[in-house]
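Below is one structure, written out as structure tokens; the observations come after it.
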Amino acid sequence: MRAVPVTLDVDAADDSAAMLSAESSDLACSLVVWLADATLLPLRVMDRYLGSLTVNLGELNAADRGRPVLTAADDRAVQRARRQDILDTFVAARWAARGKRQPQGAPALI
């Protein structure tokens, strides 16, 4: 499935992210949608349903963007790199073989 990271920290947004107002979603808080970090994830990593989020695509395309990152030392660049590392972990996730420590019947991701 195609997925895009969504965070709540508007101060961390750079120019690759769309910033949505609190009125734009059912969550009633400002959201940062990291459009440039969209990726394909295996369905197996989506094992917990947290709820739904509906956003108007026209509003998303017209949304304000964060400030540009000018140096690699910018804390926002470091935070984005960490988010990308987490996404890479999800993309590479595979089912683990059942071991002695895992409860019977419980799937495990590695």
Net lengthening on full extension, ASP9/LEU35 (0.36 nm per residue, minus Cα-Cα): 7.9 nm
Peptides 80-89, 33-42 ordered by average Cβ neighbours within 10 Å, highest first: 33-42, 80-89
Average projected area [Cα convex hull, region 20-82], square nanometres: 5.7 nm²
Hz values of 3J(HN,Hα) by residue in region 2-13 - Karplus curve (6.51, -1.76, 1.60), Gly and Pro given as x: 7, 9, 9, x, 10, 10, 9, 8, 4, 5, 8, 5
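Read-outs throughout are calculated quantities, based only on the coordinates presented, and are distinct from any laboratory measurement. Just so it is clear, the model here is predicted, and its values are computed rather than measured. Counting neighbours? That spans all protein chains shown, and the Cβs are built from the backbone with ideal geometry, glycine included.
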